[in-house]
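Each remark here refers to the structure printed beneath this line.
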Amino acid sequence: MPAPRFDQLHRQPGPYFVALGGAGMFGANLYLYGSGGEWIAIDCGFALESTPSGDSRVAVPLIEALEKHDIKLSALLITHGHEDHIGAIPYLWRELGCPLYASPFTARLIRNKLAQNLEWPPLHEIRPLEPIGLGAFQAEWIPVTHSIPESHGILLQVAGKRIYHSGDWKLDAQPLVGELTAEGRLRAIGREGVDVVIGDSTNAPGSGASRSEAAVQDGLSDAIRPCTQRVVVTCFASNLARLHSLAEIAFDTGRYAGLLGRSLVSMHSFGRAHGYLRARPGFIAPWELGFLPRDQQLWICTGSQGEPAAALGRLAAGSHPHLTLAPGDTVVFSSRLIPGNEEALERIKHNLLRQDVHIIDDDMAPIHASGHPPQEDLRQLYGWLRPRYLLPVHGEPYHQQAHMEFARGLGIGGLVPGNGDLIDLSGQPCRVAEVPWGLIEVQR
């Protein structure tokens, strides 16, 4: 594939699309849109790469293509606050040198990452369903349910085209925390016409519909209630709905709940500050919880992906300063395994079993819900939007291809993009050139 011509990047209205991360892989989401020489980006995340020791390397997108082709971004738009969508901001944003637009909760998470002794470009807080002009582009953030509050799809209007960038999403009528999906607005967008969807492929191979957070709360309650000793639940720190559920379950089962892991403590604080979590029932300090009888303890900890330095990894190794597990305790994995972490997680489960700790995971009980759409969710959304074309992203080639095949069955055309593919969206999407891309390791 040839390198792009100057007129494609700087004169022709296009619009054009190129992924510098997130297409053909999980993580490092960074998507560029251009028209007439004006360029914006959506999301700026990192990727975790497992090492043989079980540790994870952090890598961010290589942005060599911007300098090589003299592309200057006028805005960086953020869909939501997960690390694979915001984690690269501290490493790349000053180099990108453009204003950033995010919802208030996501902006809070971003500010918490930034070194206070450095100057940063402007960070603007958006209001959902209120379009803003960004040069040749108009952008509107559309609320969707996911596994973190204030998740959005973004509707872009540029060069006479209407593009819906889905972000991460699912359909959940009972999310417990945060807004519902803006179904009415999505239906209206579909009536007005959608040329292209750039869509989440994570669960596209899976049939059925999403499990709701309310159902997960019921499943967790059923799993925890019979336990006679200490219970430890590991989950993603950013899932505030899960924290809400576990606080309620602790109260209902006569237990007290505590948090282990800095990211959990931070997210709980941010959730309280933005009104997503209530003070009661709440969480008590680890030093208080540790003195209570074991059958009154419910701990929530980090480390669901097998990270050896996280709280669960240290518990499994017997090296946590606040807590030592005992035979008869139960560890509940209220999470899904991210591909690449299999060996690390198996090591932790092996260490737990050696301590005669019981394990409950999602294969044994309905104690987790993915934040990504399986096929019935996709069918529903595409019925509302009625797009002409799809570019499946946010997944490995297997997930992208499954997404594309499913969409074709609904009468939607399109193609499967790879990182670095410059795609012309002025008509039927087509690859026209290739720009350099890659990942570069950084220190957290």
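Note on segment 1-61: with charges restricted to the Cβ of Lys and Arg (+1) and Asp and Glu (-1), its dipole about the Cα centre is near 160 debye.
Using only the Cα atoms of segment 335-443, build the gyration tensor, take square roots of its eigenvalues as a ≥ b ≥ c, and label the shape rounded, prolate or oblate: rounded if a/c is under 1.5, else prolate if a/b is larger than b/c, else oblate. Since a/c reaches 1.5 but b/c is at least a/b, the shape of segment 335-443 is classed as oblate.
Is segment 213-360 best put as rounded, prolate or oblate by its Cα gyration tensor, with a ≥ b ≥ c the root eigenvalues, rounded for a/c under 1.5, and otherwise prolate when a/b is larger than b/c, oblate when not?
On the way: a/c = 1.44, a/b = 1.23, b/c = 1.17.
Rounded, because the longest to shortest axis ratio a/c is under 1.5.
Put a dot 7 Å past the Cα of R262, heading toward its Cβ, do the same for R127, and the two dots end up 3.7 nm apart. Projecting label points 7 angstrom from Cα along Cα→Cβ for E288 and E396 puts them 4.5 nm apart. Quick one: if the Förster radius is 45 Å, what FRET efficiency do R191 and A365 give, using the C-beta to C-beta distance and rounding to 0.05? Efficiency at R0 = 45 Å is approximately 0.60.
Relative to the present Cα-Cα distance, how much length would full extension add between R5 and H322 at 0.36 nm per residue of separation? Can you show the working numbers first?
Working: separation 317, 0.36 × 317 = 114.12 nm, distance 5.94 nm.
Full extension of this stretch gives 108.2 nm more.
Across the options F270, S304, H320, the greatest Cα extent toward the positive end of the charge dipole of segment 213-360 (unit charges at beta carbon of Lys, Arg, Asp, Glu) belongs to F270.
Within the straight-line cut-off of under 29 Å between alpha carbons, the lysines reachable from K72 are K113, K161, sequence neighbours fewer than 8 places apart in one chain being disregarded.
Between the alpha-carbon centres of segment 372-420 and segment 257-273 there is a gap of 35 Å. If you take the Cα centroid of segment 229-256 and the Cα centroid of segment 71-127, the two points sit 31 Å apart. Rounded to the nearest 20, the size of the Cβ-charge dipole of the chain about its Cα centre is 600 debye, with Lys and Arg at +1 and Asp and Glu at -1. Each of A188, Q375, Y16 was placed along the dipole of the chain (beta-carbon charges, centred on the mean Cα), and the one lying farthest toward the positive end is A188.
Note down the nm distance, to one decimal, between modelled labels 7 Å out along Cα→Cβ at C430 and at A215. According to this spin-label approximation, the distance is 4.3 nm. Per-residue packing, averaged as other Cβ atoms within 10 Å, sorts the ranges 83-93, 291-301, 18-28 into the order 18-28, 83-93, 291-301, beginning with the highest.
Each reported figure results from applying straightforward, stated rules to the coordinates on display, with no laboratory input. Predicted model only: the values in this text are computed from it and were never measured. Every residue, glycine as well, gets a Cβ built from its backbone with ideal geometry; the counts of neighbours run over all protein chains shown.
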